[in-house]
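Visitor: Dropping a structure here in structure tokens format, bear with me for questions.
The values are calculated or read from the model by the stated rules, or taken from the named source; none is laboratory data. As the structure is a computational prediction, the values presented were derived from the model and not from experiment. Don't worry about glycine lacking a Cβ; one is built from the backbone with ideal geometry, like all the others, and counts go over all protein chains shown. Surface accessibility is based on the protein's heavy atoms, side chains included, excluding ligands, DNA and RNA. Shrake-Rupley method; radii C 1.70, N 1.55, O 1.52, S 1.80 Å.
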Amino acid sequence: MRLAVTDRCNLRCFYCMPEEGINYLPKSKLLTYEEMLRIVGILATMGISKVRITGGEPFVRHNLTDFLYQLKAIDGIQEINLTTNGVLTGQYIKALQDIGIRNINLSLDTLDPQRFFEITRRNEFDKVYKTLFDLLDADFYVKLNAVVMEGKNTDDLIPLAELTKNYPVGVRFIEEMPFNGAGANYPILHWNQRRILATLQEAYPHLQKITDSPSSTSANYQIPGYQGTVGIIAAFSRTFCGTCNRIRMTAQGELKTCLYDEGGLSIRDLVRSGMSDEQLKDVFAQAFRSRAKDGFEAEQRRSNRVTESMTTIGG
Ligand code: SAM
Ligand code: SF4
């Protein structure tokens, strides 16, 4: 389960939101921590064992670490992972270790501070870069997420892949998706998985395919002799839908059984209307049964085209 704990963010990545930001939801529309704990508790009885915390930027929400302690204590929740932009993360490393979080995905699209500014519209490269090494020093399993964008960061593919030489990091290149909060601007995918792979293969002719975990969204490779791995996430081409077992809870408490579906089922409203745990379980089970077979079907079923920002969905 991917749980977006807020829609607020301290960066303005252009592929995620417009420069002026999005209209953040009023606080009353966001799930409270208590509501999130109840929802995860119910889902844990239905077989959810792994929760990824995302957002918006998770650390922008107050008292996140207190919430994570409580989440970890839920029966059946075996693993909590986190996706973060790394701006505020450094100060919480000790707390994350104490909670027992081991896996962190850090979003970093470039190793060039000026390009970082152009992409995120904020001057925070140094903090994020330091966070990467602080996390590695603290023995976290770190994956780097880099969205590949024509005219922005394609010169970074090889420098990012080179990080895997000396560090046990998983660098994952993500196809750009249309969730930029500016609906009219559906990106033309110049850099699909095949082009990303061809670029890596050109630089590393001996690139080796390695085994992917059963529900992995990334196709993973290793450069011989390097410590880390490189992966490609075909998020736009949607080639991994057959093995995807994720569900999403957006910041406003809508259930999504596919990233590309319209959402719309407000678990928040059902919780606030006084539904019992058993009734909520039935709602979840019904939604899981009618899940689209893949991201294309989910997108086709929508009544409106994609206009939302990834900051409300959580990636
Ligand atoms: N703020 C945190 C961060 O950036 O890591 C967590 C939320 S962010 C929405 C989660 C992931 O979604 C990030 O790795 C980000 O790069 C990715 N993402 C956002 N918009 C995207 C888009 N239009 N296409 C592909 N990936 C996107
Ligand atoms: Fe913020 Fe993450 Fe979206 Fe960038 S991708 S604007 S860091 S939520």
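Visitor: Kindly establish whether Leu37 is out of contact with any Ser or Thr (no Cβ under 8 Å at 6 or more places or on another chain), modelled with pLDDT of 95 or more and within 22 Å of Val230 (Cα to Cα).
Guide: Judged against the criteria, Leu37 is not a match.
Visitor: Take Ser266 and tell me if it is over 21 Å from Lys50 (Cβ atoms), within 16 Å of ligand 2 (Cβ to nearest atom), of a type outside the set (Val, Ile, Thr) and touching a strand residue (DSSP E or B) at 6+ places or on another chain (Cβ under 7 Å).
Guide: Here the answer is no, as Ser266 does not meet what is asked.
Visitor: Report the residue count in region 9-31 for those that are open to solvent by 50 Å² or more (accessible area, probe 1.4 Å) and either more than 16 Å from ligand 1 (Cβ to nearest atom) or modelled with pLDDT of 95 or more (or both).
Guide: Adding up the residues that qualify gives 6.
Visitor: Given the residues Glu254, Glu299, which is the only one that is within 16 Å of ligand 1 (Cβ to nearest atom), charged (D, E, K, R) and free of Cβ contacts under 8 Å to residues at least 24 places away in the same chain?
Guide: Numbers: Glu299 fails: free of Cβ contacts under 8 Å to residues at least 24 places away in the same chain.
Going through Glu254, Glu299 in turn, the sole match is Glu254.
Visitor: Identify all residues within region 25-48 that are free of Cβ contacts under 8 Å to residues at least 12 places away in the same chain and part of a helix (DSSP H, G or I); write none if there are none.
Guide: Residues satisfying the conditions are Lys27, Ser28, Glu34.
Visitor: Considering region 54-67 alone, what residues qualify as being more than 12 Å from ligand 2 (Cβ to nearest atom) and in contact with a helix residue (DSSP H, G or I) (Cβ under 7 Å, 6 or more places away or on another chain)?
Guide: Selection gives Leu64, Thr65, Phe67.
Visitor: Hey, another quick one. Does Ile104 satisfy the condition of being of a type in the set (Val, Ile, Thr) and more than 16 Å from ligand 2 (Cβ to nearest atom)? Walk me through it before giving the result.
Guide: Numbers: of a type in the set (Val, Ile, Thr): yes; more than 16 Å from ligand 2 (Cβ to nearest atom): no.
Here the answer is no, as Ile104 does not meet what is asked.
Visitor: Quickly run through region 257-277 and pick out the residues that are within 30 Å of Phe14 (Cα to Cα) and either part of a loop (DSSP other than H, G, I, E, B) or open to solvent by 30 Å² or more (accessible area, probe 1.4 Å) (or both).
Guide: Thr257, Cys258, Leu259, Tyr260, Asp261, Glu262, Gly263, Gly264, Leu265
Visitor: Tell me, yes or no, whether region 278-290 has at least one residue that is within 23 Å of the chain's Cα centre (by Cα), in contact (Cβ under 8 Å) with a residue 24 or more places away in the chain and not in a helix (DSSP H, G or I).
Guide: No, every residue in region 278-290 fails to be within 23 Å of the chain's Cα centre (by Cα), in contact (Cβ under 8 Å) with a residue 24 or more places away in the chain and not in a helix (DSSP H, G or I).
Visitor: Let me ask another. Considering each residue of region 223-242, count those that are among the charged types (D, E, K, R) and over 18 Å from Gly314 (Cα atoms), and give that number. Talk me through it step by step, then tell me what you get.
Guide: Initial filter on region 223-242 (among the charged types (D, E, K, R)): 238.
Next, only the ones that are over 18 Å from Gly314 (Cα atoms) stay: none.
Qualifying residue count, region 223-242: 0.
Visitor: Only one of these is of a type in the set (S, T, N, Q), under 21 Å from Phe14 (Cα atoms) and surrounded by fewer than 21 Cβ atoms within 10 Å (Cβ to Cβ): Thr154, Thr211, Thr199, Thr239. Name it.
Guide: The match here is Thr154.
A quick yes/no check of all residues on (1) within 15 Å of ligand 1 (Cβ to nearest atom); (2) of a type in the set (Lys, Arg):
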site	(1), (2)
Ala235	yes, no
Leu265	no, no
Arg268	no, yes
Arg272	no, yes
Glu278	no, no
Asn304	no, no
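Visitor: Just the residues that are away from ligand 1 (no atom under 16 Å from the Cβ) and open to solvent by less than 90 Å² (accessible area, probe 1.4 Å), please, taken from region 280-296.
Guide: Answer for region 280-296, where residues must be away from ligand 1 (no atom under 16 Å from the Cβ) and open to solvent by less than 90 Å² (accessible area, probe 1.4 Å): Leu280, Lys281, Val283, Phe284, Ala285, Ala287, Phe288, Ser290, Arg291, Ala292, Asp294.
This table checks each residue for (1) within 14 Å of ligand 2 (Cβ to nearest atom); (2) more than 29 Å from Val271 (Cβ to Cβ); (3) open to solvent by 40 Å² or more (accessible area, probe 1.4 Å).
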| position | (1), (2), (3) |
| --- | --- |
| Ala44 | no, no, no |
| Tyr69 | no, no, yes |
| Asn81 | no, no, no |
| Leu88 | yes, no, yes |
| Lys94 | no, yes, yes |
| Phe117 | yes, yes, yes |
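Visitor: If you don't mind, there's one more thing I want to ask. Using beta carbons and a limit of 9 Å, which pairs, at least six apart or on different chains, have the first residue in region 223-245 and within 23 Å of Val142 (Cβ to Cβ) and acidic (Asp, Glu) and the second one at pLDDT 95 or above and open to solvent by less than 40 Å² (accessible area, probe 1.4 Å)?
Guide: none
Visitor: Sticking with this one: Could you tell me whether Ala73 is free of Cβ contacts under 8 Å to residues at least 60 places away in the same chain, of a type in the set (A, V, I, L, M) and surrounded by fewer than 19 Cβ atoms within 10 Å (Cβ to Cβ)? Walk me through it before giving the result.
Guide: Working: free of Cβ contacts under 8 Å to residues at least 60 places away in the same chain: yes; of a type in the set (A, V, I, L, M): yes; surrounded by fewer than 19 Cβ atoms within 10 Å (Cβ to Cβ): yes.
The answer is yes for Ala73.
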